[in-house]
Amino acid sequence: MIVAANLQDRWVFVHCFLKKDQDELAPDEVIAFKEFARVYMGLSGEALQTAVERGILEEIL
């Protein structure tokens with residue numbers, strides 16, 4: 001499981017895979033997931049709420 005977190009109030013599950021299906025990530029996947037995490041960690045609370053309301057993200061409580 002790949003999770004982006006600011007270790008305070010924001011955790012974003014980025015990707016999940018079974019080890020039996022994929023041993024490790026390819027270098028280009030690592031770069032892409034890091035960029036995804038950077039973008040989502042940089043969003044304001046308002047932008048995240050809008051993404052949830054539009055169904056782009058799902059909030060898990």
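The values are calculated or read from the model by the stated rules, or taken from the named source; none is laboratory data. Remember, it's a predicted structure, so these values are computed and weren't measured experimentally. Here the Cβ is made from the backbone with ideal geometry for all residues, glycine too, and neighbour counts use every protein chain on show. The protein model used for the area step is the full one, side chains on, heavy atoms only, and it has no ligands, DNA or RNA in it. Shrake-Rupley method; radii C 1.70, N 1.55, O 1.52, S 1.80 Å.
Cβ-Cβ below 7 Å, separation at least six or inter-chain, first residue in region 17-41 and closer than 14 Å to VAL3 by Cβ, second of a type in the set (Gly, Ala, Ser): which pairs?
ALA37/ALA4; TYR40/ALA4; MET41/ALA4
If ALA32 meets every condition in (1) open to solvent by 50 Å² or more (accessible area, probe 1.4 Å); (2) in a loop (DSSP other than H, G, I, E, B) apart from one, which number is that one?
ALA32 satisfies every listed condition except (2).
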